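Following: one structure in structure tokens, then a few remarks.
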Amino acid sequence: MKTKLFLTLLLVYPILAFTQGSWKEYRKEVNTGIIQGGNIMSYFTESKDGSVWVSNTTGSIVRILGDEITIYDDLKRSLAAQTNIGAIVNAREKTIGVWWFSQADMETGWVWFASNRGIVLWDNEKLLFLTGETDAKGHVILLDEQTGTNYIINKNNIEKTNVVKNVKPTRDIYNFYAVYIDSKKRVWFGGSAGRLYCIENGIWKVWDDIINSNYKNDDKTVRQIFEDKEGTIHVVCHGILCRINNSTIQFDDNLPNLKDATGGFEDSKGNIWISGTKGIYKFSEGNWVFYGASDGIDIIPLAGPLVEDKEGNIWFAGKNTTIFTKSKGIFKLKPKGAVYKYNGSKWTKYKVGKTKLITDLFVDNQGNVWVAESIGVYKFNGEQFVLQRSCSKMRSLLKIFQDSNEDIWLGRGSFKGEIDKYTK
């Protein structure tokens, strides 16, 4: 009887399945700026000292270390810049940083951030902007905006430089969407119009192959960079895939349906996966295989992450896929988000939540699959996604992250931006 009652409660109140620990909410303490508005907590990174860094879209970076919260908010320049339109208009003028992605170097403790405003390095003490300028030996020059001091990277050390005084960021160091540290400690950056840069031992290298290619400009935006087990660097653009071996770049023209690609990775078997709005590509044994509508994968407005679970299944999310369709003379909101699982032979589609507004897909340290869906976060139990955390319709759950202590972090979007943390 007790067992039946417990199962009934799980069905009626699925959030009970995750109540063994406790939740902590961060609200006012992570809100910043002149109007404290428009925040979207977009990305999490953990650094060497255990700090959790949270990027957001109103120009500030939040650092949480234990009970200490520090906000690096010196990037605000104007009230208008904190609006979505203002952020776009002011991107080239560098009046605000809209932070997208970050990558931590666990050897040095440094953290790299990519934004619309440019590229920034946290050197364990301060934020340094990459200027795009170099000294006579090719070292990229960094700028501390607070003091006007210039620095270079030399043998994994940050050193002041007076070789060129008062170097400011150049205008082409803006709109970046990817940052990646490879096994050779090279730091890669990708952005709009095919911008691809690399820092190796402090030396700045410009890869202009994508910019100068004959592909359409709409296809050239770099969205993800990753490395496979052979040391090959894969550069995923909206409609192009490139491979880099040492100093040679090669374009792959065997992906005719690649459209608005946003992600890719190498699975545990050595297969390469690339996702786009028309479907998914898998590179195995020298050949590309395409999975699309005929395999049960819908054409979607926005492709989400590709991940692998502990059993080797491949998961794909139609992320935040909201479109408007005209019906009886009016436009209606028609969400189309879904999650797909590939077990090696077929794809299975899962509906998650009520809104169908999928915002993130994540695999935790134990190999469990999580999905964020607008007003709820769900965990897969082997058969279906079970609700773990919900929020009101005035907010939106957007990002899932797990730190080295196995705490779960949820980034929320609201007028002010918030963070949830779950500790077992």
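In the range 138-165, the residues that are under 22 Å from Y72 (Cα atoms) and open to solvent by less than 20 Å² (accessible area, probe 1.4 Å) reach residues that are at pLDDT below 90 and of a type in the set (G, A, S) with C-beta atoms within less than 9 angstrom, at least six apart or across chains, in these pairs: I141/G132.
For the range 126-135, indicate whether the set of residues that are over 25 Å from the mean Cα position of the chain (by Cα), closer than 25 Å to I233 by Cβ and open to solvent by less than 70 Å² (accessible area, probe 1.4 Å) is non-empty. Yes: the range 126-135 contains one or more residues that are over 25 Å from the mean Cα position of the chain (by Cα), closer than 25 Å to I233 by Cβ and open to solvent by less than 70 Å² (accessible area, probe 1.4 Å). On the stretch given as the range 355-367, residues that are touching a strand residue (DSSP E or B) at 6+ places or on another chain (Cβ under 7 Å) and open to solvent by 30 Å² or more (accessible area, probe 1.4 Å) total 6.
Within the range 278-310, restricting attention to residues that are open to solvent by 70 Å² or more (accessible area, probe 1.4 Å) and assigned to a loop (DSSP other than H, G, I, E, B), the residue that is modelled with the highest pLDDT is K310. Residues in the range 385-413 that are touching a strand residue (DSSP E or B) at 6+ places or on another chain (Cβ under 7 Å), of a type in the set (S, T, N, Q) and outside any strand (DSSP E or B): S404 alone. Can you confirm whether G191 is under 30 Å from E159 (Cα atoms) and either of a type in the set (A, V, I, L, M) or crowded, with 17+ Cβ neighbours inside 10 Å (or both)? Criteria met by G191. Per this entry, I240 is counted among residues that are surrounded by 15 or more Cβ atoms within 10 Å (Cβ to Cβ), β-branched (V, I, T) and touching a helix residue (DSSP H, G or I) at 6+ places or on another chain (Cβ under 7 Å). Inspect all residues belonging to the range 256-265 and state whether any of them is among the polar types (S, T, N, Q) and surrounded by 19 or more Cβ atoms within 10 Å (Cβ to Cβ). Checked against the condition, which is being among the polar types (S, T, N, Q) and surrounded by 19 or more Cβ atoms within 10 Å (Cβ to Cβ), the range 256-265 yields at least one hit. Any residue in the range 401-423 that is over 18 Å from A317 (Cα atoms), among the hydrophobic types (A, V, I, L, M, F, W, C) and open to solvent by 10 Å² or more (accessible area, probe 1.4 Å)? So far as the range 401-423 goes, yes, one or more of its residues are over 18 Å from A317 (Cα atoms), among the hydrophobic types (A, V, I, L, M, F, W, C) and open to solvent by 10 Å² or more (accessible area, probe 1.4 Å).
Note on the range 311-350: residues that are at pLDDT below 75, of a type in the set (V, I, T) and assigned to a strand (DSSP E or B) total 4.
The values are calculated or read from the model by the stated rules, or taken from the named source; none is laboratory data. What you are looking at is a predicted structure, and each value in this text was computed from that prediction instead of being measured. Note that each Cβ is placed from the backbone with ideal geometry, even for glycine, and that neighbours are counted across all protein chains shown. Each accessible area value is taken on the protein alone, full model and side chains, heavy atoms only, with ligands, DNA and RNA left out. Shrake-Rupley method; radii C 1.70, N 1.55, O 1.52, S 1.80 Å.
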